[in-house]
1. Rounded to the nearest 500, what is the chain's calculated 222 nm mean residue ellipticity when only DSSP H runs of at least 4 contribute -39500 (n - 2.57) each, over all residues?
2. Which whole-number percent gives the relative contact order of the chain, counting Cα pairs below 8 Å spaced six or more residues apart?
3. Considering only DSSP states other than H, G, I, E and B, which chymotrypsin sites (Phe, Trp or Tyr not before Pro) in segment 268-339 qualify as loop sites with at most 14 other Cβ atoms within 10 Å?
4. If you count, for each residue, the other Cβ atoms within 10 Å and average over each peptide, how do 100-113, 16-29, 75-88 line up from highest to lowest?
5. Rank Asn24, Gly62, Ala176 by how far each Cα sits towards the positive end of the charge dipole of segment 8-176 (+1 on Lys, Arg Cβ; -1 on Asp, Glu Cβ) and give me just the farthest.
6. Could you report the chain's accessible area per residue, 1.4 Å probe, as an integer in Å²?
7. In segment 181-236, which trypsin sites (Lys or Arg not before Pro) fall in coil by DSSP and have 11 or fewer other Cβ atoms within 10 Å?
8. For the charge dipole of the chain, defined by +1 on Lys and Arg C-beta atoms and -1 on Asp and Glu C-beta atoms about the Cα centroid, which residue among Leu124, Gln137, Ala187 has the Cα displaced farthest towards the positive pole?
Amino acid sequence: MAETKQSAGILGLGSYVPERILTNADLEKIVDTSDEWIFSRTGIKQRHVADEATATSDIAAGAAKRALAHAGIKAEELDLIIVATATPDMFFPSTACLVQEKIGATHAAAFDLAAGCSGFVYGLTVATQFIQAGLYQRVLVIGAETLSKILDWTDRNTCVLFGDGAGAAVIGPVPAGYGVLGVELGADGHGGELLKMPAGGSRRPPSAETVAQRLHYVHMNGNEVFKFAIKVMGEAAQKALQKAGMTDADVDYLIPHQANIRIIQSAAKRLQLPMEKVHVNVDRYGNTSAASIPIALEEAVLEGKVKNGDKLVLVGFGAGLTWAACVLRWYKEDSSVGE
Ligand code: COA
């Protein structure tokens, strides 16, 4: 099976977050909340927030340049760019096309992918298929979000949870036995109502009324999403491990979607992993949606927590509802940062 296909893995990683930091203390001045509530319920201390002039493609391009440098390849060598985002610059052109222009990836095809916070792992899976099929050699997958632009800053239920950021990975051929070894993707459209931006699309086009009703913001049933996340994170990770012919005991390091420390701890427990084997940065970034997994992965690699041959599980969940898990055996000839 896998022996006949070209193996695909990550050749380089990069991330980029806006400079401005919003702390829980800052939020206390905006909505009726407290550092104590936010930290104890979510594990978040601060998040990065883009300024007015910065859009998703800007930070996506920043992450892309770092990933290219880390991989040691030029933008012109890219065959395809996939941007996973729920906060594109605009409906069209795609954010991937905007990034293509910004980084000068003149030979790359480009499209966006919508799978909520699961988007990066969905994108990684799509990229892997192109490499395994021999159609492409270099695919850039970016998870990038400026959630701050669609948050209702008067709604304490949502505005404290999210942050802006971008993470990118160059996907290409790796030696047999390394790279992506097992994947589990899923969706349950019944849960679409639980996390959505109700207006602005073809169902409810923008109007003075939709703006007055604050329908262009994130609307979420946090409790239901929480229950879904607790169930699906461990399940998805274990299914991906099964597909890779592995069990919980094989996992060297877990890179979970950074939505809430309690959800991360529950996934770790289900996989019987001590927290030392789990990457956590939700305290510093909040939930950056599709960007959270690649940002965490790059951080883990730069901190030396991931070594060649390590078996990683990347797992996330998000709007849709969606879930996605991937078993990745790390391989990088030179794991130093490029830029
Ligand atoms: N500050 C202070 N109080 C807040 C608050 C805030 N920022 N946000 C909500 N509250 C209040 C609620 O109004 C509620 O008050 P009430 O009991 O008087 O109605 C109370 O806190 C408890 O809310 P509850 O929803 O039970 O808290 P929780 O422990 O479930 O935590 C979340 C809420 C949102 C942190 C949690 O449900 C969660 O993380 N859900 C998943 C969200 C997620 O990951 N979304 C992204 C998916 S990719």
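The values are calculated or read from the model by the stated rules, or taken from the named source; none is laboratory data. Given the structure is predicted, the values throughout are model-derived calculations rather than measurements. Here the Cβ is made from the backbone with ideal geometry for all residues, glycine too, and neighbour counts use every protein chain on show. Accessible surface is based on the protein model in full, side chains and every heavy atom, while ligands, DNA and RNA are left aside. Shrake-Rupley method; radii C 1.70, N 1.55, O 1.52, S 1.80 Å.
1. Numbers: 11 runs with 108 residues, N = 339.
Estimated from H runs of four or more residues: -9500 deg cm²/dmol.
2. On the way: 853 pairs, mean separation 86.2, N = 339.
It rounds to 25 percent for the chain.
3. Values: sites: Tyr285, Phe317, Trp323, Trp330, Tyr331; in loops: Trp330, Tyr331.
Hits after loop and neighbour filter: nothing returned.
4. On the way: 100-113: 18.6, 16-29: 16.1, 75-88: 24.4.
The densest-packed peptide leads the list: 75-88, 100-113, 16-29.
5. Ranked along the dipole, the leading option is Ala176.
6. Details: 14360 Å² over 339 residues.
Per residue, the chain has an accessible area of 42 Å².
7. Numbers: sites: Lys196, Arg203, Arg214, Lys227, Lys231; in loops: Arg203, Arg214.
Passing both the DSSP loop test and the Cβ count: Arg203.
8. Projecting each Cα onto the dipole axis, the largest value belongs to Ala187.
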